[in-house]
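If you scroll down you'll find the structure; I have some questions about it.
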Amino acid sequence: MTGLPDDVHRFLYQYIDSVEQLEVLLLTRRSPGRSWSAGDMARELYSHPTAIVQRFESLLGRGLLRESAPGCFQYAPRSAELDRAVGRVAEMYRERRVAVISLIASKPIENVRAFSDAFRIRKKREGE
């Protein structure tokens, strides 16, 4: 299918909804002692803080991050098994980036819609 190992395929399919979400997870993993605010992460990834908050909340709910202080998050998988899985995904993302991105993009349409919404430019409404 994608040429990715089964464990990586399962993890990406179960836990990751977008490339940006994966980037957030992997960046927190590279600095496990650091607490990230949405603003800090947004600057690092050239994203918008609102989108980053959504990524943080999703990863928190999936047991991959913890809220270290109000609005700040750290890498903290709920199990050693999850930590190993994230390590394998990080390795595959370094070695087979296109295959990883392709798998994420091929997920069900609601995820593709969420991805495209991140790039939608909306007109300001009157009074804003």
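Under a 5 Å amide H to amide H cut-off, with H placed in plane at 1.01 Å, what residues pair with L65 once short-range neighbours are removed?
Under 5 Å from the amide H of L65 lie the amide H atoms of L60, A76, each far enough along the sequence or on another chain.
Relative contact order for segment 6-117: what percent, with Cα pairs under 8 Å and sequence separation of 6 or more? Spell out each step's value before the answer.
Working: 110 pairs, mean separation 37.1, N = 112.
Relative contact order for segment 6-117 comes out at 33 percent.
If every alpha-carbon in segment 6-117 counts as one equal scatterer, what log10 I(q)/I(0) does Debye give at q = 0.10, 0.16 1/Å?
These q points yield log10 I(q)/I(0) values of -0.26, -0.69.
Since every read-out is calculated from the coordinates, none of them should be taken as a lab result. Just so you know, these numbers come straight off a predicted model, no measurement behind them.
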